[in-house]
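Structure first, commentary second.
Each reported figure results from applying straightforward, stated rules to the coordinates on display, with no laboratory input. The structure presented is a predicted model; accordingly, all values stated were derived computationally and were not measured. Neighbour counts run over all protein chains shown; Cβ positions are idealised from the backbone, glycine included.
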Amino acid sequence: MGKKALITGASGMDGSNLARFLLKKGYKVYGIERRVSCDSGNCRHNRLSDIENEIEIFIGDIRDYNRMFEIINKVKPDELYHLAALSQVGISFKNEFEIIDSNIKGTVNLLHILKNILPECKFFHASSSEQFGKVLKSPQNENTPFNPVSPYAIGKVACFFNVKMYRNAYNLFTCNSITFNHECEHRPTQFVTRKITHAVAKIYHGLQDKLYLGNLDARRDWGYSPDYCRAFYLMLQQNKPDDYVIATGETHSVREFCKIAFNKVGLNYKDYVEVDPKFYRPAEVNVLTGDYSKAKKVLGWEPKVKFEELISKMVDYDLELVGKENV
């Protein structure tokens, strides 16, 4: 019988991509979702529609210790991939209590349960490049100091060090990926990249006139979600647990993203994109660039999908999606 994997946030962007990847590797895949819900532009459970008969989903909140204990004790996974999180940086400024409570408490619940009933289970936690915040060194690697500037990032820093503490204090196999921005066709439309590609499709089909964004000069290191899920898997196949930056090493601005996305349909972004101050964050991270040389050396991992190809995939998907909706 193949290995068993349990994924929190299984119907999210990374969770669904990881589930497909692990199924192809012969895993028995289980998922945890807080609820069956729809977010803007995508019904979350629809991301699993093609594999829904191949996985088993449990409903539960990672903040609920007893429910997490029940699920883990029932599944007894060989590997636990912790992807569930409230992850919108901008919204975290408006809802800092829930962001910090959910992300920190949920992570510690899982670690504590593994320590007590399943210490042999390998544990993966998705950390974030937002932890670097107002960067003190560029590019950022595993030794770059954290300098978080949002409630989301502060919560993720606490999770990161809890994962390390359980590794060092209790000898558990726990890993953090310091994951830089990554996207795919199934990213919710609240996130700027999908907001852009979905708007391009609606403007192209005559259903929208303008796209309103915040800081067009913010620069990020953008990769492709399925590429990054491959890195998550490789981290848990090593002999020793460790933390890794997962990135592309390239940085691009929101403005560049807009230009390429609109060019894809023969439009000039300057005719459609307008800056609205309401989309600016109280504290902005201006530039992030990841150095993934450790992942390349130890894991043998490199990103495959480049920036322009990523945008092309997302625009093509939204053109087809909006086209069908407009029939």
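Once the convex hull of all Cα atoms in the chain is built, its volume per residue stands at 126 Å³. The residues T107, T251, T189, when put in order of fewest to most other Cβ atoms within 10 Å, stand as T189, T251, T107. Within a straight-line Cα-Cα reach of under 16 Å, K270 can be paired with the following aspartates and glutamates, leaving aside sequence neighbours fewer than 8 residues apart in one chain: D209, D217, E256. Protection proxy ranking, highest mean first, for peptides 10-21, 133-144, 195-206: 10-21, 195-206, 133-144, where packing is the per-residue count of other beta-carbon atoms within 10 Å, averaged. Only helices reaching 30 angstrom along their own axis (Cα) with mean Kyte-Doolittle hydropathy no lower than -1.0 count here, and for the DSSP H runs of the chain these are 96-117. Here the spin labels are modelled as points 7 Å beyond Cα on the Cα-Cβ line, and at D316 and D276 they lie 3.1 nm apart.
With R₀ set to 35 Å, the beta-carbon distance separating I117 from E52 gives a calculated FRET efficiency near 0.80.
With a sphere of radius 13 Å drawn around the Cβ of D221, what net charge do the other residues whose Cβ falls strictly inside it have (Lys, Arg +1; Asp, Glu -1)? Here the charged neighbours net out to -3. Extension gain, N168-E302: 0.36 nm per intervening residue step, less the Cα-Cα distance, totals 45.5 nm.
With both residues required to sit in the chain, DSSP beta bridges show an antiparallel share near 10%. For the cross-link pairs K105/K304; K4/K324; K202/K278, the ones whose C-alpha atoms lie over 30 Å apart are K105/K304; K4/K324. Derived from the Cα gyration tensor, the three semi-axes of the equivalent ellipsoid of region 86-195 are 25, 17, 14 Å, largest first. Annotation: extensible slack from D101 through L136 equals 9.9 nm (criterion: 0.36 nm per residue apart, minus Cα-Cα distance).
The orientation-averaged projection of the convex hull spanning the C-alpha atoms of region 189-327 amounts to 9.6 square nanometres. Hydrodynamic radius of region 133-201 by the Kirkwood approach over all distinct alpha-carbon pairs: 14.6 Å.
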